[in-house]
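Below is one structure, written out as structure tokens; the observations come after it.
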Amino acid sequence: MMGLMASEETRTAETRTRGTRTAMSATERGTAAVASTPDPSPGAGRTRAWATRLVVVGIVLSALNLRPAITSLGALLEEVRDGLGMSGSVAGLLTSVPPLCFAVFGVTAPRLARRFGPAAVVCAGMAAITAGLLIRPFVGNTAGFLAASALALMGIAVSNVLMPVIVKRWFPDRVGSMTGLYSMALALGTSLAAAVTVPLTDAMGGSWQSGLAVWAAVAAAAVLPWLPLVRDRGTATGPSREPARGAAEQHAPLRITRSRTAWALAVFFGLQATAAYITMGWMPQIFRDAGVPAGTAGVLLAVTMVMGVPLAFVIPRVATRLPHQGPIVLVLGACGLAGYTGLYLAPSGGAWAWAVLLGVSNCAFPLALTMVGMRARSGPGVAQLSAFAQSTGYLISIPGPLLVGVLYQQSGGWGLPIALMAGLMVPQMAVGFLAGRDRTVEEEAAR
């Protein structure tokens with residue numbers, strides 16, 4: 001009997017030892033699983049709060065600098081053409097450079113972010129914008145002007161793609177609000193550059209070179225918030241609170257081209273970008289040819305851009321609360337068709353109304369960014385969808401501004417170019433409605 005009791009005690013002890021080892025193993029696995037999560041100590045909490053505030057400042061300042069390189073040029077396009085001896089076709093090529101650079105360089109953003117971290121890539125992008133804006137007015141020839149513009153646009157391209165990724169990773173439960181803040185800052189920078197470039201040029205002696213170069217200082221300020229985050233690659237993508245998923249789902253690339261929603265979103269992005277860059281590049285010239293003074297034409301472009309300031313904050317918040325974003329797409333498209341009709345019939349008589357309507361229509365951009373964040377479940381999925389939709393979309397948008405310049409030069413008026421703009425709005429509404437359906441690219445790619 002004593003032997004049996006001893007044997008039973010031995011088995012019990014072994015069972016407890018195995019249970020302890022199992023618990024320790026589970027604890028180790030749990031520790032490994034959360035190794036990348038923030039330290040719950042008060043000091044770590046303060047560091048995370050400080051870093052989060054820094055990311056917000058960085059997002060806002062970066063967004064402010066994503067369009068002045070384009071709209072400041074649109075306000076002074078006639079002076080730049082005269083100063084560099086550009087033809088209408090070459091000027092049209094100049095307005096096509098932004099989408100070309102966004103398509104070519106934007107597709108590299110996810111790979112660069114995986115290697116260096118999103119914060120480092122955005123920081124480098126802001127530095128490239130600064131350098132390009134500082135160099136291009138003073139090179140003295142068209143080829144150099146295009147090359148320096150491409151440098152600035154390269155920085156804009158990678159930042160364009162990574163902004164939705166940073167928002168998704170740092171603020172996964174506030175995608176609508178943060179996308180709205182980012183879009184609002186982008187619209188504000190766009191409108192400010194359009195409104196004040198001509199007055200600044202006049203104040204600095206009428207030199208278009210100085211009027212363009214001044215925006216380099218604003219871009220330089222956007223470099224600073226990202227500098228403290230450059231080295232910390234482990235948290236560069238932020239304290240994501242996404243549900244844990246398998247490693248295969250987190251890291252295996254999606255077969256994004258199998259998703260109809262991804263294609264619809266890419267075409268929608270491309271068509272809205274076509275409309276936006278035609279507007280930014282040519283609308284001041286349309287008004288000037290209709291007899292509107294140069295300063296007023298720049299203000300009209302600013303009105304178009306400034307409409308995005310409040311609406312870019314409201315539309316993403318509304319979109320995230322709707323199961324289908326198609327109705328918003330249709331409303332924005334209808335405003336665009338009305339604006340183009342007025343621009344064709346009475347460009348100077350109703351100029352302010354057309355500027356407002358086209359500004360509302362251009363808010364398809366923050367809506368597209370919001371849908372990028374909504375149509376993918378994970379951070380890597382958003383990165384891949386963002387790169388695909390933006391790169392493909394900007395490729396689609398390349399011919400638009402160039403074709404407008406050719407039609408304008410060949411026809412000697414704005415009737416055909418405006419008809420082209422209005423015609424492109426119809427397929428934009430159709431594919432945007434499809435992209436707004438409640439589904440994710442992961443589900444469609446898996447099928």
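The values are calculated or read from the model by the stated rules, or taken from the named source; none is laboratory data. Keep in mind the model is a prediction, meaning the values are calculated, not measured. Every residue, glycine among them, receives a Cβ derived from its backbone with ideal geometry; neighbour counts consider all protein chains shown. Heads up: the accessible areas ignore ligands, DNA and RNA and are worked out on the full protein's heavy atoms, side chains in. Shrake-Rupley method; radii C 1.70, N 1.55, O 1.52, S 1.80 Å.
Below, the figures for the structure above:
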item	result
Complete set of residues in the range 129-141 that are farther than 25 Å from TRP170 by Cβ and crowded, with 19+ Cβ neighbours inside 10 Å	GLY132, LEU133, LEU134, ARG136, PRO137
Qualifying residue in the range 169-185 (condition: surrounded by fewer than 24 Cβ atoms within 10 Å (Cβ to Cβ), part of a helix (DSSP H, G or I) and in contact with a Leu (Cβ under 9 Å, 6 or more places away or on another chain))	yes
Residue list for the range 50-61, restricted to those being farther than 12 Å from SER183 by Cβ, in contact (Cβ under 8 Å) with a residue 24 or more places away in the chain and either surrounded by 18 or more Cβ atoms within 10 Å (Cβ to Cβ) or among the hydrophobic types (A, V, I, L, M, F, W, C) (or both)	ALA51, LEU54, VAL55, VAL56, VAL57, GLY58, LEU61
Residue match in the range 273-289 (condition: over 30 Å from VAL175 (Cβ atoms), open to solvent by less than 20 Å² (accessible area, probe 1.4 Å) and free of Cβ contacts under 8 Å to residues at least 60 places away in the same chain)	no
Scan of the range 336-355 for residues that are surrounded by fewer than 20 Cβ atoms within 10 Å (Cβ to Cβ) and under 25 Å from the mean Cα position of the chain (by Cα), ordered by number	LEU337
Test: residue in the range 115-128 that is in contact with a Cys (Cβ under 6 Å, 6 or more places away or on another chain) and open to solvent by 10 Å² or more (accessible area, probe 1.4 Å)	no
In the range 432-445, the residues that are open to solvent by less than 30 Å² (accessible area, probe 1.4 Å), over 16 Å from THR257 (Cβ atoms) and assigned to a helix (DSSP H, G or I)	GLY432
Selection from the range 194-211 of residues that are small (Gly, Ala, Ser) and at pLDDT below 85	ALA194, ALA195, GLY205, GLY206, SER207
Qualifying residue in the range 314-333 (condition: under 28 Å from LEU73 (Cα atoms), open to solvent by 40 Å² or more (accessible area, probe 1.4 Å) and without any contact (Cβ under 8 Å) to a residue 60 or more places away in the chain)	no
Residues satisfying the stated conditions in the range 358-372, i.e. part of a helix (DSSP H, G or I) and buried (at least 24 other Cβ atoms within 10 Å of the Cβ)	LEU358, GLY359, SER361, ALA364, PRO366, LEU367, ALA368, LEU369, THR370, MET371, VAL372
Qualifying position, being part of a loop (DSSP other than H, G, I, E, B), of a type outside the set (A, V, I, L, M, F, W, C) and either more than 21 Å from the chain's Cα centre (by Cα) or within 12 Å of THR274 (Cβ to Cβ) (or both), among GLY413, GLY423, GLY400	GLY413
Residues of the range 377-405 satisfying the condition of being within 14 Å of LYS168 (Cα to Cα), open to solvent by 10 Å² or more (accessible area, probe 1.4 Å) and polar (S, T, N, Q)	GLN384
Residues (modelled with pLDDT under 75 and basic (Lys, Arg)) located in the range 36-91	ARG46, ARG48
Of all residues making up the range 197-220, the number that are open to solvent by less than 50 Å² (accessible area, probe 1.4 Å) and assigned to a helix (DSSP H, G or I)	12
Neighbours by Cβ (under 8 Å, 6+ apart or cross-chain): first from the range 347-369, closer than 13 Å to LEU186 by Cα and of a type in the set (Lys, Arg); second in a helix (DSSP H, G or I) and modelled with pLDDT under 90	none
Candidates GLY393, GLY436, GLY432, filtered to the one that is in contact with a His (Cβ under 9 Å, 6 or more places away or on another chain) and in contact (Cβ under 8 Å) with a residue 40 or more places away in the chain	GLY436
Lone qualifier among ALA128, ALA143 - being modelled with pLDDT of 90 or more and among the aliphatic types (A, V, I, L, M)	ALA128
Close pairs from the range 294-308: first at pLDDT below 75, partner of a type outside the set (Val, Ile, Thr) and open to solvent by 20 Å² or more (accessible area, probe 1.4 Å), Cβ under 7 Å, at least 6 apart	GLY308/ASN362
Among (1) within 11 Å of the chain's Cα centre (by Cα); (2) under 25 Å from ARG321 (Cβ atoms), the one test that ASP173 misses	(1)
